[in-house]
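*Asks:* Sharing a structure, written as structure tokens. Questions coming.
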Amino acid sequence: MVGKGRTMTRRDLLLLGLGTSGTLFGCATIPAPAAGPTKKLIEFGWDEPDTAFMRRHIAQMEQMPFDGVVFHVNYTTPEGKPGNFLWEAWGRRAFTDAELAPALADLTATPFRRFTDNFLRFNTTPGDVDWFDDFTAILANARLAARVAHEGKAMGVLFDAEQYHAPLFDYRKQRDCGAKSWETYAAQARQRGREIMEAFQRGYPDLTVFLTFGYGVPWLEMRSGAPSLAVCAYGLLAP
């Protein structure tokens, strides 16, 4: 995703990552300063660090041949129990600024030098909210994630749309698919997508958003013989 109002000279960012199947995926092109195109290499894998790890080990990490890394944010409950924001953000619970404050403190205290293009990961998990349910908590969490990325001097957000816990992009498995048509669900998914991107923008104006999965996934399903998006496991990802 490209933010508004930027100079449209291009910069290529290559995102190297492994999906749950071990598949290497991901690339994007985003605007760059008018000085000319530059290429950036971003690391994203099963060794994904949290903010505390980066704060402790950034010197060792920056010995690797990357320009940035995808990272995640942990938090601690009032009862002292640890939690992982990225696995809970797409749900019914709205997180508070205070819960993510320690992670933000880690980011602001980390002396990044080589790693100039870092991305905070935001998952579509747990994915237990129907597209027609109240999205207030999800939108608040998206804004909060973007704000932490912004204030932590990250380049933006890695928006991971893989269906890890729930088939939220499969129309056939939606709660009300028997009562609402594909067209109705597709229109609602498009509206929610617009709201999510607006929430990111509120937290981080003109941020960069990487997508792990995009049009390519439902396109491959169609290429493999699916007659319509309505019968694709990732059909609702397109709208």
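The values are calculated or read from the model by the stated rules, or taken from the named source; none is laboratory data. In this text the structure is predicted, and so the values were computed from the model without any measurement. Glycine gets a Cβ as well: all are built from the backbone with ideal geometry, and neighbour counts include every protein chain shown. We work out accessible area using only protein heavy atoms, side chains counted, and drop any ligands, DNA or RNA first. Shrake-Rupley method; radii C 1.70, N 1.55, O 1.52, S 1.80 Å.
*Asks:* Pairs only if they're at least six apart or on different chains, beta carbon under 9 angstrom, first in region 163-185 and farther than 25 Å from TRP87 by Cβ, second among the hydroxyl-bearing types (Ser, Thr, Tyr) and assigned to a loop (DSSP other than H, G, I, E, B); list them, first residue then second.
*Replies:* Going by the 9 Å Cβ cut-off, the qualifying pairs are TRP182/SER228.
*Asks:* Can you tell me which of (1) surrounded by 12 or more Cβ atoms within 10 Å (Cβ to Cβ); (2) hydrophobic (A, V, I, L, M, F, W, C); (3) part of a loop (DSSP other than H, G, I, E, B); (4) within 20 Å of the chain's Cα centre (by Cα) is the one PHE132 doesn't meet?
*Replies:* (4)
*Asks:* Considering only region 35-106, give the strands (runs of 3 or more DSSP E) lying wholly within it that have at least 3 residues that are of a type outside the set (Ser, Thr, Tyr), buried (at least 19 other Cβ atoms within 10 Å of the Cβ) and out of contact with any Pro (no Cβ under 8 Å at 6 or more places or on another chain).
*Replies:* Numbers: elements: 39-43, 68-71, 74-76, 82-84.
So the answer is none; nothing clears 3.
*Asks:* Which is at pLDDT below 95, in contact with a helix residue (DSSP H, G or I) (Cβ under 8 Å, 6 or more places away or on another chain) and not aromatic (Phe, Trp, Tyr), of GLY203, GLY214? Outline the logic, then answer.
*Replies:* Values: GLY203 fails: at pLDDT below 95.
None of the others qualify; the one that does is GLY214.
*Asks:* Then there is this: In region 162-181, what residues are within 19 Å of the chain's Cα centre (by Cα) and either buried (at least 21 other Cβ atoms within 10 Å of the Cβ) or not in a loop (DSSP other than H, G, I, E, B) (or both)?
*Replies:* Once the filter is applied, which keeps residues that are within 19 Å of the chain's Cα centre (by Cα) and either buried (at least 21 other Cβ atoms within 10 Å of the Cβ) or not in a loop (DSSP other than H, G, I, E, B) (or both), region 162-181 yields LEU168, PHE169.
*Asks:* Further, regarding this structure: Taking the condition of being crowded, with 18+ Cβ neighbours inside 10 Å and more than 16 Å from the chain's Cα centre (by Cα), how many residues in region 189-216 meet it?
*Replies:* Selection size over region 189-216: 1.
*Asks:* Scan THR110, THR38 and give me the residue that is at pLDDT below 95 and farther than 22 Å from GLN191 by Cα.
*Replies:* Values: THR110 fails: at pLDDT below 95.
Residue meeting the stated conditions: THR38.
*Asks:* What number of residues within region 141-161 satisfy the criterion of being assigned to a loop (DSSP other than H, G, I, E, B), open to solvent by less than 10 Å² (accessible area, probe 1.4 Å) and under 20 Å from THR108 (Cα atoms)? It would help to see each step written out before you state the result.
*Replies:* At the first step, the residues of region 141-161 found to be assigned to a loop (DSSP other than H, G, I, E, B) are 152-155, 161.
In the following step, the residues that additionally are open to solvent by less than 10 Å² (accessible area, probe 1.4 Å) were identified as 152, 154, 161.
Those still in the list that are under 20 Å from THR108 (Cα atoms) too: 152, 154.
Looking only at that region, the number is 2.
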